[in-house]
Amino acid sequence: MLKYVALTIGVYLHFATVACDVCGGVSASGMNGFTPTNDFHFIGIRSTYRRYCSHSESLLTGVSTNSTEYFLQSDLMGKFQLSNRWQIIGTLPYSYAIQIESGSKTIQSGIGDIGLQSFYTPVIQKDTNGIIQRQLNIGFGIKTPTGKYAESAHTMSNMFPGTGAFNFTLSANFIFQSGKNGGQIEAANSYSLQNKFGYQYGNSSSIGGTIFRMFKFSKTTFRPFVGFQASLILKDRIHGYTTNESMNNGEIISGKIGLNIIRSNWFLSLYGQLPIYQNLGNGTVQQKELVSISLNYLISKKHKK
């Protein structure tokens, strides 16, 4: 049955306890596309690289400044299958951020905000061979303020690995498949609380979709996929008032392409993402490429219904 897991693993959409893609320094993730069949626990690691280019102009001096931000985040992830329909996914992130502006370099790194999500599966439909054809997962997540964060509202807030506040997530994904073909639709909404300095990151909503096809060679299963992701990020707030000091807000639609590979109990996922349309920070921020790789080990665990 392990060879069929590739049919029911959702595409790795790089979202794990939802925060906006722009918020690079706040342990950004967002949709939990990785959802194996309910016979498996897993443990693994995911690394994601992102690049942004920013431009701003002083209203007083008219001087323009340009900067480039690089974010590399590695997540230690684990899933525990409580029962046939309940599962818990934990994420421990570590981020490394670099900003290069006018020849100077700023670096922030450290453990980010630890996340925990619980998923319930109300719909599981299988064919006569026991292969899942339809699966709906509904999740609730919480992110705890364990990472170092900025002590004031300034443009460097997103360079820090943490937010200093709790974050709550509602998410859902639906997997459908027929034979070697299938797809996934996923949505998530994130709500952030205010930290002790009065700073509150903007809430965000995301939706994504993918289609895939499975190929099998010898004992290895390959599943290429293509898809999209769209996000809406609201402005940050300070003591309850909307602020224009941060450039987190905006809309972005990105295209995705990737490949999942499964052999024995090992699951490897690679994907890349490029913006199709974006309006971030009123045009002052441009998201560039995103590349992600993850390696997971699946642990079989049978459950009674």
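When the stretch 187-214 is filtered for residues that are in contact (Cβ under 8 Å) with a residue 60 or more places away in the chain and either outside any strand (DSSP E or B) or out of contact with any strand residue (DSSP E or B) (no Cβ under 9 Å at 6 or more places or on another chain) (or both), the ones remaining, listed by number, are Y201, G202, M214. Of the strands (runs of 3 or more DSSP E) lying entirely inside the stretch 61-143, those containing at least 2 residues that are of a type in the set (D, E) and within 23 Å of the chain's Cα centre (by Cα) span 64-81. Residues in the stretch 219-236 include none that are of a type outside the set (K, R) and without any contact (Cβ under 8 Å) to a residue 24 or more places away in the chain. Per the listing I107, I124, the residue uniquely surrounded by fewer than 21 Cβ atoms within 10 Å (Cβ to Cβ) and touching a residue at least 60 places away in the same chain (Cβ under 8 Å) is I124.
Only a single criterion out of (1) over 15 Å from the mean Cα position of the chain (by Cα); (2) buried (at least 17 other Cβ atoms within 10 Å of the Cβ) is not satisfied by S171, namely (1).
If the condition is being under 20 Å from F40 (Cβ atoms), of a type in the set (A, V, I, L, M, F, W, C) and either modelled with pLDDT under 90 or crowded, with 21+ Cβ neighbours inside 10 Å (or both), then the stretch 251-264 contributes only I262. Selection of the stretch 229-250 for residues being surrounded by fewer than 15 Cβ atoms within 10 Å (Cβ to Cβ) and either in a loop (DSSP other than H, G, I, E, B) or under 16 Å from the mean Cα position of the chain (by Cα) (or both) yields H239, G240, N244, E245.
The values are calculated or read from the model by the stated rules, or taken from the named source; none is laboratory data. Treat the numbers as computed from the prediction; the structure is a model and nothing was measured. All Cβ positions, even for glycine, are placed from backbone atoms using ideal geometry, and neighbour counts span all protein chains on display.
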